[in-house]
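Enquirer: Sharing a structure, written as structure tokens. Questions coming.
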Amino acid sequence: MKNDEDHKWHYEDCFIPVEELEAEAPPPPGWLARFWPVLAAVSAIAIATAVWLWLRQERPADGLEAVTQREADLIEARLREILPPRQIGEDPTQRQLPAELLGKARLLLRQGNDEQNVLAKIALKNDNGAGFTLDALKQEPVALAFRLITLEGHNWYNAGEFDRAVKSYEQALALQPEDAAALRNAAIAHSQARQGDIAAHRKRAVELLRQAVMQVADGSAQWCELQNNLGLAWAESLDGDRGENLRQAIAAFNSAPGGLACDGDPVLRAKLQTNLGTAWLDMGTGYRVGNLNNAIAAFRLALAVYTRDGHPLEWAMAQNKLGKALLALAESRGGDGGDDLAQAVAAFRAALEMLARDEHPLEWAEAQNNLGLALDRLATGEPDGNRRQAIAAFQAAEKVYNRTLHPMEWASTRFNQAVALKHLADTAAKGCDHLWQSAAYLKAAAGVWTAEAFPAAHQDRIRPFRQTLGEVWSARGCGTDKTFDGIPAAK
């Protein structure tokens, strides 16, 4: 047996001293020595080019470039501006950030610091990823707590998790109880909360916004934004008298009428005017005609600012609301309401010119339903032609409204078709056919507007119209009561 030492080897045995290599190496030929510096430079250029090409291949497919610290800070500032809650009633899950900003968010995700990484994830709708990062970051010193917990609130808010956002925003508010933005964030989240005592949530929203208004300069843009949200919170309040809540809302919306208010921003004042008009439109107490005239005046002031090209969605929504106010005014005044109804029809059609069904389906369907109501009541021109157009508009709205997802709206369009068909039967030669269809649509609406689920709609609309339709059915000799009751509901 050989000694184990015989099988050992040493690192020294594997190397040849440099001195020996230099001694053994033959001298370079004369021509190589002469051109050696040139060859070395060419080799260096070739190597640098190869590395550059390799890096180009390794760069992500999205083509993102490196950014400076200043550029990263500017992207962060823009995201911090756009991600917080802005207005009561908005749907943050439907926010469409500009493609350019989303590209910058991806850049920040790859190259930014921890907080910038969170902002990028929120912008890119990666709420779970943002949540994991925030959980880790919140272990940092307390000095960062307010900023990080606020970011956590933004994350849940933009994900549509309003109740989780409430918790985070309230925690941040406890650290900075007089911060206007913190008060606003918590208020808007409370106004959209879906769990617990909804009335209490909305009451809390009013309280927080009243505090926020006192923290900023009167007449500033921030003050106007807070007044706008305060008015929306009052309008949605479930606490106290509805009429008094709307009066408080009107006072908030009407707080900045002057040209220098809101830092001279006409678009911000137009937003206040639109919401002011909505509050007057919803006001059920007092002199109804006067309320509606106030609403119409406010919508027209807003439309003096909004333009089709510059503010297409806001312009369309203001036109739709103007049409609703004109339609309600025609009904309040009585008579044929010809001029008011004609203006309402024009307003609804203008709104529909700018509302794309694919982009704003619910708003488009509402405008179609409103157009149908106005056409059904319009007695000027060709009444039967108007009613056929009305039925077509109701049927268009039905393409969006779903019985399961939108039961109230679905039943409303069915009921409106029943009424229009009954009106058409009053003058049409084939009146019984229209009455048959009217009864079918009425039964479809009654299947949703039951006495248990929607007692007011059942009592005020279904039952009276059912009685009227039955009387007309018998008077026209269209069949017996048994035949009328046997008509199946429209599908």
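Enquirer: Being of a type outside the set (V, I, T), closer than 18 Å to A165 by Cα and touching a helix residue (DSSP H, G or I) at 6+ places or on another chain (Cβ under 9 Å) is true for just one of L102, L83, L109. Which residue is that?
Expert: Testing whether each residue is of a type outside the set (V, I, T), closer than 18 Å to A165 by Cα and touching a helix residue (DSSP H, G or I) at 6+ places or on another chain (Cβ under 9 Å) leaves just L83.
Enquirer: Of the conditions (1) buried (at least 16 other Cβ atoms within 10 Å of the Cβ); (2) under 20 Å from the mean Cα position of the chain (by Cα), A249 clears all except one; give me its number.
Expert: Answer for A249: the failing condition is (2).
Enquirer: Return the only residue of E170, E161, E152 being in contact (Cβ under 8 Å) with a residue 24 or more places away in the chain, out of contact with any strand residue (DSSP E or B) (no Cβ under 9 Å at 6 or more places or on another chain) and acidic (D, E).
Expert: One residue alone meets the criteria, E161.
Enquirer: Name the residue that is nearest to T483 (Cα to Cα), counting only residues in the stretch 442-470 that are touching a His at 6+ places or on another chain (Cβ under 8 Å) and surrounded by fewer than 18 Cβ atoms within 10 Å (Cβ to Cβ).
Expert: The qualifying residue nearest to T483 (Cα to Cα) is T450.
Enquirer: Report yes if some residue within the stretch 206-224 is closer than 14 Å to R86 by Cα, of a type outside the set (S, T, Y), modelled with pLDDT under 95 and surrounded by 21 or more Cβ atoms within 10 Å (Cβ to Cβ); otherwise report no.
Expert: For the stretch 206-224, residues closer than 14 Å to R86 by Cα, of a type outside the set (S, T, Y), modelled with pLDDT under 95 and surrounded by 21 or more Cβ atoms within 10 Å (Cβ to Cβ): present.
Enquirer: Among the residues of the stretch 90-133, which ones are in a loop (DSSP other than H, G, I, E, B) and either within 12 Å of Y157 (Cα to Cα) or of a type in the set (D, E, K, R) (or both)?
Expert: E90, D91, R95, K125, listed by residue number.
Enquirer: Follow-up question, since we're still on this one. From the list E170, E178, E152, which one is at pLDDT below 95 and surrounded by fewer than 24 Cβ atoms within 10 Å (Cβ to Cβ)?
Expert: From the options E170, E178, E152, the qualifying one is E178.
Enquirer: Return yes or no: is G277 under 22 Å from A235 (Cα atoms) and part of a helix (DSSP H, G or I)?
Expert: In short, yes.
Enquirer: Please give the number of the condition N320 fails out of (1) at pLDDT below 95; (2) buried (at least 22 other Cβ atoms within 10 Å of the Cβ).
Expert: N320 satisfies every listed condition except (1).
Enquirer: If you don't mind, there's one more thing I want to ask. Test each condition in (1) more than 30 Å from the chain's Cα centre (by Cα); (2) touching a residue at least 40 places away in the same chain (Cβ under 8 Å) for R387 and report the one that comes out false.
Expert: The number of the failed condition is (2).
Enquirer: Sticking with this one: May I ask you to say which residue of L424, L442, L469, L435 is under 18 Å from N386 (Cβ atoms) and of a type in the set (A, V, I, L, M)?
Expert: Residue meeting the stated conditions: L424.
Enquirer: Another question, then. Regarding T468, is this residue over 30 Å from H360 (Cβ atoms), of a type in the set (S, T, N, Q) and part of a loop (DSSP other than H, G, I, E, B)?
Expert: no
Enquirer: Report yes if D376 is in a helix (DSSP H, G or I) and out of contact with any helix residue (DSSP H, G or I) (no Cβ under 7 Å at 6 or more places or on another chain), otherwise no.
Expert: no
Enquirer: Of a type outside the set (S, T, N, Q), touching a His at 6+ places or on another chain (Cβ under 7 Å), part of a helix (DSSP H, G or I) and closer than 30 Å to L322 by Cβ, is that true of A270?
Expert: Here the answer is no, as A270 does not meet what is asked.
Enquirer: Do we find that Q389 is in the same structural domain as F484 (by TED's automatic domain parsing) and surrounded by fewer than 24 Cβ atoms within 10 Å (Cβ to Cβ) in this structure?
Expert: In short, no.
Enquirer: For the stretch 397-422, what are the residues that are part of a helix (DSSP H, G or I) and surrounded by fewer than 21 Cβ atoms within 10 Å (Cβ to Cβ)?
Expert: Scanning the stretch 397-422 gives E398, P407, M408, E409.
Residue-wise test of (1) modelled with pLDDT under 95; (2) in contact with a strand residue (DSSP E or B) (Cβ under 6 Å, 6 or more places away or on another chain); (3) in the same structural domain as G477 (by TED's automatic domain parsing); (4) among the basic types (K, R).
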residue: A367; (1), (2), (3), (4): no, no, no, no
residue: L371; (1), (2), (3), (4): no, no, no, no
residue: E382; (1), (2), (3), (4): yes, no, no, no
residue: M408; (1), (2), (3), (4): yes, no, yes, no
residue: F415; (1), (2), (3), (4): no, no, yes, no
residue: H423; (1), (2), (3), (4): yes, no, yes, no
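Enquirer: Looking at the stretch 81-92 only, could you name the residues that are closer than 19 Å to E236 by Cβ and either surrounded by 12 or more Cβ atoms within 10 Å (Cβ to Cβ) or aromatic (F, W, Y) (or both)?
Expert: Hits for the stretch 81-92 are P85, R86, Q87, I88, G89, E90, P92.
Enquirer: Filter the stretch 373-384 for residues that are surrounded by fewer than 18 Cβ atoms within 10 Å (Cβ to Cβ) and of a type in the set (G, A, S); which is nearest to the chain's Cα centre (by Cα)?
Expert: By that ranking, first place goes to A379.
The values are calculated or read from the model by the stated rules, or taken from the named source; none is laboratory data. Since the structure is predicted, the reported quantities are computational estimates derived from the model, not experimental observations. Heads up, the Cβs are rebuilt from the backbone with ideal geometry, glycines too, and the neighbour counts pull from every protein chain shown.
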